[in-house]
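Here's the structure we're looking at; comments come further down.
The values are calculated or read from the model by the stated rules, or taken from the named source; none is laboratory data. Since the model is a prediction, treat every value here as computed from it, not as a measurement. We place every Cβ from the backbone using ideal geometry, glycine too, and count neighbours over all the protein chains shown.
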Amino acid sequence: MNVPRETMKNMLPEYDVIVVGGGHAGCEAAFSAAKMGSNVLLVTMNLQNIAQMSCNPAMGGVAKGQIVREIDALGGGSGIVTDKSAIQFKMLNLSKGPAMWSPRTQNDRMRFAEEWRLQLERTENVHFWQDMVNGLLIEDGKLKGVKTVIGMEIKSKAVVLTNGTFLNGLIHLGEKNFSGGRSGEGASYGITEQLVDLGFETGRMKTGTPPRVDGRSLDYSKMEEQPGDENPNKFSYSDHTDSLSKQRSCYITYTNPKTHKVLKGGFDRSPMFNGSIKSKGPRYCPSIEDKINRFAERDRHQIFVEPEGWETVEIYVNGFSTSLPEEVQYEALKTIPGFENVKMFRPGYAIEYDYFPPTQLTHSLETKLVDNLFFAGQINGTTGYEEAASQGLMAGINVHLKLQGKEPFILGRSDAYIGVLIDDLITKGTEEPYRMFTSRAEFRILLRQDNADLRLTNLSHQIGLASTEQLDKVNLKIEQTNALKSILKKTSVAPDEINSILESKNSSVIKQKQKANSLLVRPHISMSDMRSASEFLDQKIKDLDPTQDALIQAEIQIKYDGYISREQENALKLNRLEEVKIPPHTDYSTLSSLSAEAVEKLTEIKPVTIGQASRISGVSPSDVSILLVYLGR
Amino acid sequence: MKFENPDDTICALSTPQGVGAISLIRLSGKDCLSIVNSVFSKSLETAGTHTAHFGTIKNDKQILDEVLVTIFKNPQSFTGEDLVEIGCHGSVYIQAQILKLLISKGARLAGPGEFSMRAFFNGKMDLSQTEAVADLIASGSEKAHKLAVHQMRGGFSKEISELRQELMNFASLIELELDFSEEDVEFADRTQLENLINLVDNKINSLLDSFSYGNAIKNGVPVAIVGPPNAGKSTLLNALLNEDKAIVSDIAGTTRDVIEDVVVLDGIEFRFIDTAGIRDTTDVIENLGIKRSYDQIKLARIVLLMVDLAGSSVLDAIEQVKSFREDAISGGQSLVCVFNKIDEVDENIGESLKSEGLVISAKSKLGLTELREKLLQEVGEEEGEGGVVVTNIRHYEILQKCQVSVEKVKLGLEAQITGDLLAMDIRETMNLLGEITGEISSDDLLGNIFANFCIGK
């Protein structure tokens, strides 16, 4: 039978959104846009490889853990997938203030990928197609869909590009280099070239990964065990996941002068040093050769041995990222305590790929040049699963809102790390792969992992992403937190109840009754101290029967009230400038009083508000004043 | 950039800085009426909007100046807030004293463009653009000021950049422990942090001292006069003083036996410092004097070399200038050569020396106009547009605020509060200092961390 070409239209009809790429950004983009009601097609080169953890099998960490909590609070999928595939949980930085507490998990790489795929499969409106997109379908200057390498044209109203490291990916291993997007997977061609023709600027970035080895060949007795937390927490605020009942440990070992000698012996064949890699890699994630080269005085570097899953024997050698020849990698590994008989599964390698300077985007992650085209993840010059996932989520939300003719959903710098991330990217751009650090957020005391739900779930519910069930849970938390705060404010504690505890904590004793909340403010005094001091207080709290989350929340809000309110005031000041909008088609060259540099930068970035303009490097306070004068007229 | 608290009452000099007939100081904000009322000779409590009041500004009992106070009540003012303008006499000293007094009563110096910004937020920006741009002059002069400060004090900008570095090092150590707690690097212990913050504190204190208000007013432009005792230095000074009917004072300088004479030319203070002169000698005492001369020359902005034409031949005179230029001038000072006593020698000699410097006679007051012009010209080239004194106070005020936040950091360290909370006060210090030292961004901090610590598992 002769199948007519028109059948294509039934096979792959016109979609609302096509998401190109199935990594962390692509999955979140497809998930959120579909949950909100868009009809989504996820196109990826290999459906077996959805949601790969291309680097280490871990999620979260300092600043990144906060991002995962934010994704979950907004109704994204990464938190749930992470919990379901976790093999170890640790809350980092517990000795510091609550803004620094940072959740991190080790994950089962294969389970992680499977959980994401199943989560997408369970999501209505998400469709799949395995193919390589090699161009956009553009008719009369309008985006109409994508073209694929097997010659198909798939129509859609909007496209989200999440190509990761695949665009013209070039893998370096010693003196060899070959095209590829990831170990064992081919690179993607055509998209960069077409975008450049359309007027986009592009650049190259570099990243690297360490070798994977056979766990059966390691001697763990020579390493230091790193178990998970005794009482593991989890990422998702929802009840859809549980905290771990058993965990797997990581291990720590160190390189030594022998290791460094072997590695140095291969430097002349290193693409890092012989000039074959020219693009910029992240300074905070250097290769082992970079570390011994730049910090020559150090005679050892830490190696973090991470299991890749519950069952698999494959091991990730964190801290040993390298692109030296495979035999040099092997010889060097053998000098490390516990690795004497090591067997390698895969060598480490470096990869160079195309990215598009993110100053070409608006706050909604839509490109300024092509309507309805959105970018998310490493294509924007970021690094990290969490950074990619959060951009995917925001692109998914905003592509849906755009198609519905609604206002974009933009998080401010005092709302979320995600807000800081996107504002930094589109306002300042990035020269090296961008990773989130808490120091990038000026209001980090407000952006805690314990309150991401309080900050964001309501906002997300308003735009139709976070579920009502999610919001109800947040409202209960707020209710209970306030009730707890009021109990502590009203309950007085007598000297004979509390003084022995105060003494034991080197805190000055009290002479007369004092309110419980004023004692809780003291350093080293905790909610449980207060409860064990006052039976009355303890009973009051028991009667309320709050969730653990609410208890922690109330304690943090009371204890750090001074700092939190100060930071809130600072944020308010900033927000005043964020509310002053600059008209989109402002011609800065006509404002003669502006400095030449300011005109150039403002014209390139096209800031939306005075606040954003003030953060552009090269725009001075007097330039801002001139803009204000101009806007006032 | 950042904006300070919009609820503060701000003040600033609105007319160009320098000596003139009158100057205008402007205050805006909710407390401006009560602040002015507290230092004005008459009660302004019942004064209506758009009224002018003549009286005196007093610091306790001491009268600073006779002034005209004009009141504009919100919303009928430039900024849309309560606004007061004080018209005072146009002396640098008076302007600065009044501003200092207003600050002590609770006002704060306005940031660049802050009056316009308030006008904007209060919907008042339909006024002419020129008024707003006047605000910008303050920010422009900050650059000029930096340059002038650099020239004048030499070591100042070095100290500022050292302070910036110390602060950055301290902040980096705190951030290191927060963002990179999982890394295998050595974290700073308490003693180390205490030492570092003390360094920052000391730097701020020494800057406050060197920058104290009195100094800034007194400093003027240091001019070292170099020449032997018989070259006619005092005759020249007297001539300059008399001609200009200027304020004359003898101020004991920092060094016991250095005499300073202050001459105000065109509103700019010139501080003449007499030095012993420089020549080869084996006399121990004289050598000490010569060393001191060199020190004075280093501190000066302008070096006035006086050559006695009556005591030396033309060739000699040229040779003296040449060797002096080679030996003594090491910093960025400008050298002005003055050949004195032209009235005592052949006039033709003067012609042959004109390319080398100014030919004058202090006694007969010949060539003094040219000398004055030359001195002003030397200053003008480097000074840019005025604003020196005001920005001085501004910096002084910033440094004082920094001192307060550094104190908070120290208390926090003592109380062992955690790094993330300490960092709030450090950020405040960095934001404040950013206006003098250049901003320290989170990228700078991260860069500093990556450069000094091996980050990245």
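Only one of (1) crowded, with 21+ Cβ neighbours inside 10 Å; (2) at pLDDT below 85; (3) within 25 Å of residue B:208 (Cβ to Cβ) is not met by residue B:406, so which one is it?
That leaves (2) as the condition not met.
Could you tell me which numbered condition residue A:598 fails, if it satisfies all but one of (1) within 23 Å of residue A:364 (Cα to Cα); (2) surrounded by 20 or more Cβ atoms within 10 Å (Cβ to Cβ); (3) out of contact with any Ser or Thr (no Cβ under 6 Å at 6 or more places or on another chain)?
Going through the list (1) within 23 Å of residue A:364 (Cα to Cα); (2) surrounded by 20 or more Cβ atoms within 10 Å (Cβ to Cβ); (3) out of contact with any Ser or Thr (no Cβ under 6 Å at 6 or more places or on another chain), residue A:598 breaks only (1).
So is residue A:598 within 14 Å of chain B (Cβ to nearest Cβ), within 30 Å of residue A:485 (Cα to Cα), touching an Asp or Glu at 6+ places or on another chain (Cβ under 9 Å) and of a type in the set (A, V, I, L, M, F, W, C) or not? Walk me through how you get there before you give the answer.
Numbers: within 14 Å of chain B (Cβ to nearest Cβ): yes; within 30 Å of residue A:485 (Cα to Cα): no; touching an Asp or Glu at 6+ places or on another chain (Cβ under 9 Å): yes; of a type in the set (A, V, I, L, M, F, W, C): yes.
In short, no.
Suppose we filter the stretch B:313-327 for residues that are touching a helix residue (DSSP H, G or I) at 6+ places or on another chain (Cβ under 7 Å) and surrounded by fewer than 19 Cβ atoms within 10 Å (Cβ to Cβ); how many remain?
Taking the stretch B:313-327 and keeping what is touching a helix residue (DSSP H, G or I) at 6+ places or on another chain (Cβ under 7 Å), we get B:314, B:317.
In the following step, the residues that additionally are surrounded by fewer than 19 Cβ atoms within 10 Å (Cβ to Cβ) were identified as B:314.
Number of matching residues: 1.
Residue check: is residue A:303 within 14 Å of chain B (Cβ to nearest Cβ), over 30 Å from residue A:197 (Cβ atoms), touching a helix residue (DSSP H, G or I) at 6+ places or on another chain (Cβ under 8 Å) and not polar (S, T, N, Q)? Quick ask: steps written out before the conclusion?
Numbers: within 14 Å of chain B (Cβ to nearest Cβ): yes; over 30 Å from residue A:197 (Cβ atoms): yes; touching a helix residue (DSSP H, G or I) at 6+ places or on another chain (Cβ under 8 Å): no; not polar (S, T, N, Q): yes.
No.
When you go through (1) within 14 Å of chain B (Cβ to nearest Cβ); (2) closer than 28 Å to residue A:355 by Cβ one by one for residue A:279, which number turns out not to apply?
If we test residue A:279 against (1) within 14 Å of chain B (Cβ to nearest Cβ); (2) closer than 28 Å to residue A:355 by Cβ, just (1) comes out false.
What strands (runs of 3 or more DSSP E) completely inside the stretch A:1-69 contain at least 1 residues that are within 21 Å of residue A:145 (Cβ to Cβ)?
On the way: elements: A:15-20, A:40-44, A:58-60.
Correct list: A:15-20, A:40-44.
If a residue has to be farther than 19 Å from residue A:180 by Cα and touching a Pro at 6+ places or on another chain (Cβ under 8 Å) to count, how many in the stretch A:336-365 make the cut?
The total comes to 4.
Under 7 Å between Cβ atoms, at least 6 apart or on separate chains: pull out the pairs that start in the stretch B:439-457 with a residue that is within 17 Å of residue A:286 (Cα to Cα) and more than 9 Å from chain A (Cβ to nearest Cβ) and end on any residue that is at pLDDT 75 or above and not in a loop (DSSP other than H, G, I, E, B).
So the pair list comes out as B:448/B:168; B:448/B:172.
Check B:315, B:304 and return the single one that is touching a residue at least 40 places away in the same chain (Cβ under 8 Å), not in a loop (DSSP other than H, G, I, E, B) and not acidic (Asp, Glu).
The match here is B:304.
Those residues that are within 14 Å of chain B (Cβ to nearest Cβ), touching a helix residue (DSSP H, G or I) at 6+ places or on another chain (Cβ under 6 Å) and not in a helix (DSSP H, G or I), I need them from the stretch A:415-435; list them, please.
A:429, the sole residue that qualifies.
Could you list, in sequence order, all residues of the stretch A:22-71 that are farther than 16 Å from residue A:123 by Cα, charged (D, E, K, R) and more than 14 Å from chain B (Cβ to nearest Cβ)?
A:69, A:70
Residues of the stretch A:582-595 being at pLDDT below 90 and crowded, with 18+ Cβ neighbours inside 10 Å, which ones?
A:594
Restricting the search to the stretch A:554-610, which residues are of a type in the set (S, T, N, Q) and either in a loop (DSSP other than H, G, I, E, B) or farther than 28 Å from residue B:420 by Cα (or both)?
Of the residues in the stretch A:554-610, the ones of a type in the set (S, T, N, Q) are A:557, A:565, A:568, A:570, A:575, A:586, A:589-590, A:592-593, A:595, A:603, A:609.
The answer is A:586, A:589, A:590, A:592, A:593, A:595, A:603, A:609.
Specify which of the listed residues (A:440, A:455) is within 14 Å of another protein chain (Cβ to nearest Cβ) and not hydrophobic (A, V, I, L, M, F, W, C). Explain how you work it out, then say what you get.
Values: A:455 fails: within 14 Å of another protein chain (Cβ to nearest Cβ).
Of the residues listed, the single one that is within 14 Å of another protein chain (Cβ to nearest Cβ) and not hydrophobic (A, V, I, L, M, F, W, C) is A:440.
I need the full set of residues from the stretch A:324-357 which are in contact with a Lys or Arg (Cβ under 9 Å, 6 or more places away or on another chain) and closer than 30 Å to residue A:200 by Cβ, in order please.
A:350, A:351, A:352, A:353, A:354, A:355
Going by the conditions given, is residue A:464 in contact (Cβ under 8 Å) with a residue 60 or more places away in the chain and more than 14 Å from chain B (Cβ to nearest Cβ)?
On the way: in contact (Cβ under 8 Å) with a residue 60 or more places away in the chain: yes; more than 14 Å from chain B (Cβ to nearest Cβ): yes.
Here the answer is yes, as residue A:464 does meet what is asked.
Look through A:124, A:115 and report the one residue that is under 27 Å from the mean Cα position of the chain (by Cα), more than 23 Å from residue A:380 (Cβ to Cβ) and in a loop (DSSP other than H, G, I, E, B). So that I can check it myself, show each step before the final result.
Numbers: A:115 fails: in a loop (DSSP other than H, G, I, E, B).
After ruling out the rest, the residue left standing is A:124.
Hey, can you tell me all the residues within the stretch B:348-373 that are of a type in the set (A, V, I, L, M, F, W, C), within 34 Å of the chain's Cα centre (by Cα) and in a helix (DSSP H, G or I)?
Residues satisfying the conditions are B:368, B:371.
So which of A:320, A:295 ends up being of a type outside the set (Val, Ile, Thr), within 29 Å of the chain's Cα centre (by Cα) and more than 8 Å from chain B (Cβ to nearest Cβ)? Full working, then the answer.
Working: A:295 fails: more than 8 Å from chain B (Cβ to nearest Cβ).
Just one listed residue meets the conditions, A:320.
Residue B:170: closer than 29 Å to residue A:60 by Cβ, at pLDDT 80 or above and part of a helix (DSSP H, G or I), yes or no? Even if it seems obvious, please write down each step before you answer.
Values: closer than 29 Å to residue A:60 by Cβ: yes; at pLDDT 80 or above: yes; part of a helix (DSSP H, G or I): yes.
In short, yes.
Any idea how many residues of the stretch A:615-629 are in contact (Cβ under 8 Å) with a residue 60 or more places away in the chain and either at the interface with chain B (Cβ under 7 Å from one of its Cβ atoms) or basic (Lys, Arg) (or both)?
The first filter runs over the stretch A:615-629 and keeps only residues in contact (Cβ under 8 Å) with a residue 60 or more places away in the chain, leaving A:615-617.
Applying the additional criterion that residues be either at the interface with chain B (Cβ under 7 Å from one of its Cβ atoms) or basic (Lys, Arg) (or both) yields A:615.
Residues that pass the stated criteria total 1.
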